[in-house]
Amino acid sequence: MSASSRRGGAHDEHPDAEGDDLESTLVSAGRRSSEPERLVARLADLGWSIAAAESLTGGLLAASIVSVSGASRVFRGGIVAYATDVKASLLGVEQHLLDAHGPVHPRVASQMAEGVRRALGRDGVPTDVGVATTGIAGPLSPDGQPVGTVHIAVATPLGSRVESVLIDGDRAAIRTETAARAVRLVLDTL
């Protein structure tokens with residue numbers, strides 16, 4: 001089949017017509033924007049700020065955001081609340097929740113996201129978006145939940161959202177995938 005017969009349509013009837021075939025309309029965009037770049041751009045468009053509360057990811061999420069040029073316009077900061085008591089003392093996660101369920105629980109993630117909004121707000125006003133990660137990267141599980149159990153939460157003035165997943169892979173893969181999923185969840189929420 002020739003190129004002109006594959007294109008079909010008006011181009012075959014009017015061979016002098018320009019711009020009617022798909023090949024003439026494709027533009028090479030070069031490098032696609034990364035998800036962190038899209039997130040920073042979206043937040044800037046909204047005039048919103050973001051803060052991260054990380055346990056499982058230990059700073060990977062914050063690092064992915066600040067790797068973007070111009071992130072300082074939207075990123076307030078992050079709290080790596082790796083120890084359970086830090087989740088309570090710095091982020092305001094309810095102690096009875098931690099006592100009952102441990103640090104790897106959807107409600108813990110949700111309270112972490114709300115807590116980082118308050119903790120890293122400005123002049124008594126919470127930051128617009130709080131994102132939080134908690135889970136078990138392995139290789140062992142301290143509380144019997146499967147390795148790869150992950151809870152990611154996003155909190156905004158409009159409400160909260162939690163994604164709970166089981167991620168396959170080794171420790172590094174679980175942590176990296178969690179940070180990427182957190183960025184995607186924020187984008188989906190916005």
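What does the net charge come to around residue 130 if you take all other residues with beta carbon closer than 14 Å to its beta carbon, with K and R at +1 and D and E at -1?
+3
Say R0 is 25 Å: what FRET efficiency, to the nearest 0.05, do residue 122 and residue 172 get from their beta-carbon distance?
Computed FRET efficiency for residue 122 and residue 172 comes out at 0.15.
With no solvent and one point per C-alpha, what does the Debye sum give as log10 I(q)/I(0) for the stretch 84-151 at q = 0.22, 0.23 Å⁻¹?
-0.89, -0.94
Could you order peptides 149-158, 117-126, 103-112 by the average number of other Cβ atoms within 10 Å of their residues, highest first? Please report the intermediate quantities before stating the final value.
Values: 149-158: 21.8, 117-126: 14.9, 103-112: 23.9.
Most protected by this proxy first, the peptides run 103-112, 149-158, 117-126.
How big is D, in µm² s⁻¹, for the stretch 33-119 by Stokes-Einstein at 4 °C and 1.567 mPa s if Rh is the Kirkwood radius over C-alpha pairs?
Roughly 96 µm²/s, to the nearest whole number.
Heads up, I need the accessible area for residue 184: 1.4 angstrom probe, whole protein in place, Å², nearest 10.
About 80 Å², ignoring ligands and nucleic acids.
Read phi for every residue in the stretch 123-140 and hand back ³J(HN,Hα) as whole Hz from Karplus 6.51 cos²θ - 1.76 cosθ + 1.60, θ = phi - 60°, with x for Gly and Pro.
For the stretch 123-140, the Karplus curve yields 6, x, 9, x, 5, 5, 10, x, 10, 9, 10, 8, x, 10, 8, x, x, 10 Hz.
Can you tell me the equivalent ellipsoid semi-axes for the stretch 50-188? Use √(5λ) from the Cα gyration tensor, largest first, whole Å.
Result for the stretch 50-188: semi-axes of 22, 18, 12 Å.
Report the FRET efficiency, 1/(1 + (r/R0)^6), for residue 85 and residue 189, where r is their Cβ-Cβ distance and R0 is 25 Å, rounded to 0.05.
0.30
Let's test this: bin the Cα-Cα distances of the stretch 126-180 at 5 Å from zero up to the farthest pair and state each bin's percent.
Reading the bins upward from 0: 4, 21, 26, 19, 14, 9, 6, 1.
The values are calculated or read from the model by the stated rules, or taken from the named source; none is laboratory data. Note that this is a predicted model, so its numbers are computed, not measured. Virtual Cβ from ideal backbone geometry, glycine too; neighbours counted across all protein chains shown. Areas reflect the complete protein model, heavy atoms only, side chains present, ligands, DNA and RNA absent. Shrake-Rupley method; radii C 1.70, N 1.55, O 1.52, S 1.80 Å.
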